[in-house]
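So the structure is just underneath, and the comments pick up after that.
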Amino acid sequence: DVSVPFFPGRVAVYPYLGYEAERLAVDLSLREVRWHAVFDGGTQVLSTLSRLQGTMSGEGDLLAGARELAAAAELDLFGREPYQLLVFELYGVEKKWGTELIRTLVVRAGDTSGLTGAVCALAAQQVLAGQVPPGAHFAAEGLQPEALVNALRDTGAVRSFELFGGLAERAAAVEEGVL
């Protein structure tokens, strides 16, 4: 029950550092990473995820767990428009001048499934076009990022990519009054 920059209203925030974020942090030599899942609209998904932790690690029926989680998401989403919102803050020091660098990236999309499907389809296009080297890759290393971002904009799966100088909290405060 907290306010988070760029999210409408109060939301539930759950600390979560998955394998991909951990791997990227190590590859980029980041000293600190904070990653959270933000849930807007209800408590059904959170309570279901808590209950299903053993199932997700192989201690139960995964299909039944997936169905239960989908039903919980439907309850939380009832009467609301789905959206995907990714907010990233990067703090650092610019090497040449030694000045503090703070950037916020905000990515807005429709529902998660549409965004995931669009990325998979565009990844397949890059593979078929010979833009991805042979072998298995993580998306962050294998795909052409600029082409992917532009194509995601063209598909409509991503509504916007916004880059702000400064903290998310300040950028969100400015954005709130803009028409």
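We did not get these values from a lab; they are worked out from the coordinates using the rules stated. Because the structure is a prediction, the values reported are computed rather than measured. FYI the Cβ positions are ideal-geometry reconstructions off the backbone, even for glycines, and counts take in every protein chain you see.
Please work out the C-alpha center-to-center distance from segment 119-170 to segment 20-79 and express it in whole Å.
Here the two parts' Cα centres lie 23 Å apart.
Counting only other residues whose beta carbon sits under 10 Å from that of Gly92, what net charge do I get with K and R as +1, D and E as -1? Don't skip to the answer; put the middle values down first.
Working: positive: Arg31, Lys95, Arg103; negative: Glu94, Glu100.
Once positives and negatives cancel, what remains is +1.
Do you know the relative contact order of segment 46-179, to the nearest whole percent, from alpha carbon pairs under 8 angstrom that are 6+ apart? Don't skip to the end; give the middle numbers.
Details: 131 pairs, mean separation 31.1, N = 134.
This gives 23 percent for segment 46-179.
Classify segment 1-75 as rounded, prolate or oblate from the Cα gyration tensor: take a ≥ b ≥ c as the square roots of its eigenvalues, call it rounded if a/c is under 1.5, otherwise prolate when a/b beats b/c and oblate if not. Don't jump to the answer; show the numbers that get you there.
Numbers: a/c = 3.03, a/b = 1.22, b/c = 2.48.
Taking the square roots of the gyration eigenvalues as a ≥ b ≥ c, segment 1-75 is oblate.
Counting other Cβ atoms within 10 Å, keep those with at most 15, restrict to DSSP loop, and tell me which trypsin sites (Lys or Arg not before Pro) in segment 90-179 are left.
Numbers: sites: Lys95, Lys96, Arg103, Arg108, Arg153, Arg159, Arg170; in loops: Lys95, Lys96.
Hits after loop and neighbour filter: Lys95, Lys96.
Rounded if a/c is under 1.5, else prolate if a/b beats b/c, else oblate: with a ≥ b ≥ c from the C-alpha gyration tensor eigenvalues square-rooted, which is segment 58-115? Working shown, then result.
Details: a/c = 4.65, a/b = 2.23, b/c = 2.09.
Verdict is prolate for segment 58-115.
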